[in-house]
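Okay, structure first, notes after.
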Amino acid sequence: LKFEYLEDGFAGRLMVIDSGERAERGRVVATPPPKKLLDACRHWLHLSTGNLADFGGTPNAYTVETNDEANEIYDTLVDKVEDNEDDDIHASIWGRAIEKARKLGMLYACSKGGRKPLVDKYAAGWAVELATWTTESFLKKATQEVVNDDIFSQRVRDVYSLIRDKKRVARGTISSHIPMRVSEMDEVLKTLMVAGRVAQAKTPTGQIRYHV
């Protein structure tokens, strides 16, 4: 994943779910599918409208309604998206979060079955929670996975190590230890801050210091 993908909208379209540690080895035991799952599949197979109405022709559109309680929950995510508009990378990644949540909410509603699926507060709540978690975790791990080129990646590691070792560091200190152009340092520090590995704070005299 290249660094520029964080800003051009490509990464914002991804939903990355970390599966965690590898599961322990075990034997798979064959069990019959639960009746609830079979009933849900049977419901969608025989639904008179929607994308499964006619396998051989043009599917009929089906509208899944969203109630007011769900829309209020979606609005909380919109607020969070707007809070992240000042940073180009955050704006690009968060900008797709509401779209993901809306789709997830519809999937949740349709998975419950019934003749008229409805996105309610439970569907929207689950969708917003998942979309928020995947977005935040993706941004937090960005610099660990994103590469631009070997030189840039090395500078990110070097600057992080310097800040970590010296506790609080000014830009001048960084440039004296790791010579680079101003624009390059901007990108390195931005990459570290977006990932949450480095933060900045002002001294009583108004100078900026970077710290882990």
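The values are calculated or read from the model by the stated rules, or taken from the named source; none is laboratory data. Source: prediction; values computed, not measured. Virtual Cβ from ideal backbone geometry, glycine too; neighbours counted across all protein chains shown. Note: accessible area is taken over every heavy atom of the protein model, side chains too, but ligands, DNA and RNA are not part of it. Shrake-Rupley method; radii C 1.70, N 1.55, O 1.52, S 1.80 Å.
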### Query
What tally of residues in region 158-183 results from selecting those that are under 14 Å from Gln200 (Cα atoms) and crowded, with 17+ Cβ neighbours inside 10 Å?
5
### Task
Can you confirm whether region 184-199 contains a residue that is of a type in the set (A, V, I, L, M), open to solvent by 30 Å² or more (accessible area, probe 1.4 Å) and part of a strand (DSSP E or B)?
yes
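Table: residues versus (1) open to solvent by less than 30 Å² (accessible area, probe 1.4 Å); (2) under 15 Å from the mean Cα position of the chain (by Cα); (3) modelled with pLDDT under 90.
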residue	(1), (2), (3)
Trp44	no, no, yes
Leu47	yes, no, yes
Leu52	no, no, yes
Tyr62	no, no, yes
Asn71	no, no, no
Ile89	yes, yes, yes
Ile93	yes, yes, yes
Ala101	yes, yes, no
Gly114	no, no, yes
### Task
Would you please name the residue that is nearest to Ile89 (Cα to Cα), looking only at residues in region 200-212 that are open to solvent by 60 Å² or more (accessible area, probe 1.4 Å) and in a loop (DSSP other than H, G, I, E, B)?
Val212
